[in-house]
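All of the numbers you see were taken from the coordinates with simple rules; none came from a lab. Since this is a predicted model, take the numbers as computed values, not measurements. Please note: Cβ atoms are built from the backbone with ideal geometry, for glycine as well, and neighbour counts cover all protein chains shown.
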């Protein structure tokens, strides 16, 4: 539950940060801001900074450069204000230019196998900037009789009046609040982070969420006297793709950078669902890889959870190897529907090892 712990820390630091901002603003913008305020400022600001940086990162040296640069402009409100404005401009400019670049290279042609979240593009609300007029024109505001309407900036309405559907400020405040909900629940999933826009969560992989739905649909198809091939062919490609481990946002290493497409390529098709059987005809199932394992053996178990086959690491011998156990595989649905594989060799094992954890085709040439 380390994620819950970290999330709680961040939430707890929000009021501390806001308090620091208010105290700093109060001391900086008082008309009599002068030397007598420096002692108060120095006594308060480092404490808040230490709480913020120290609690969030656990690294005290982060406070030192903050303290050093602020002492330079401490008693010069004009410079202090200007350097913060410039810093904000640099951050916003970089983020904005990168957002424009991502939009420029965004390819919307395949929303099923190459959706926006695979390409590293996220969709957020616009209340904090566009509606308020901070960045953007605001929204259309009209009078009750529809005579004086025009586009204008809107101040957020944080009180009860914000729930009045005819108060424009409620639109801004609700969007800003929703942005906090989105950011706070992105890892866990919520109504504000739809899968089509943000992709699956790691917990959906851990719980086999999509796998269970796929099996439910297949079972329903078999109950309607459909064959296995027909039942699996009715599985939506998008649903099958959600159950691909590469779409688990926690995979790929702690310091993975870039979009998912950069990691494994652009998905171009579903090969199908592999069904494995040993010599005795028992159906075997691939043991699901836990989220926080960087490496994991390919192990096939029967319906009772007993290990019946595996793909040995490197050149190690194994009595459970797919060659010795005599594992066969047949594909249902997808592009390999109906194809059987009987004879195994090292090349087959290598392909199987890849196939077991991702039954998809990927194209890396376009990247």
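From a point 7 Å beyond the Cα of residue 107 in the direction of its Cβ, which residues of region 265-294 have a backbone N at a distance under 16 Å? In region 265-294, the label zone of residue 107 (backbone N under 16 Å from the point 7 Å along Cα→Cβ) covers 265-270.
Each of 97, 321 was scored by other Cβ atoms within 10 Å of its Cβ. Arranged with the fewest first, they read 97, 321.
Multiply the residue separation of residue 304 and residue 76 by 0.36 nm, subtract the distance between their alpha-carbon atoms, and state the gained length in nm to one decimal. Full-extension gain reported as 74.7 nm. Spacing of the modelled spin labels on residue 215 and residue 100, each 7 Å from Cα toward Cβ, amounts to 5.1 nm. Can you give the FRET efficiency for residue 188 and residue 147, using 1/(1 + (r/R0)^6), R0 = 51 Å, r = Cβ-Cβ distance, to the nearest 0.05? Computed FRET efficiency for residue 188 and residue 147: 0.65. Computed from the C-beta positions of residue 158 and residue 197 and an R0 of 30 Å, the FRET efficiency is 0.65 to the nearest 0.05.
Residue order for 224, 196, fewest other beta carbons within 10 angstrom first, comes to 224, 196. Evaluate E = 1/(1 + (r/R0)^6) for residue 122 and residue 288, where r is the Cβ-Cβ distance and R0 equals 30 Å; express this FRET efficiency to the nearest 0.05. With R0 = 30 Å, the Cβ-Cβ based efficiency is 0.65. Placing pseudo-labels 7 Å out from each Cα toward the beta carbon at residue 296 and residue 181 gives an inter-label distance of 3.2 nm. Tell me whether region 227-335 comes out rounded, prolate or oblate; compute the Cα gyration tensor, take square roots of the eigenvalues as a ≥ b ≥ c, and use a/c under 1.5 as the rounded threshold. Verdict is oblate for region 227-335.
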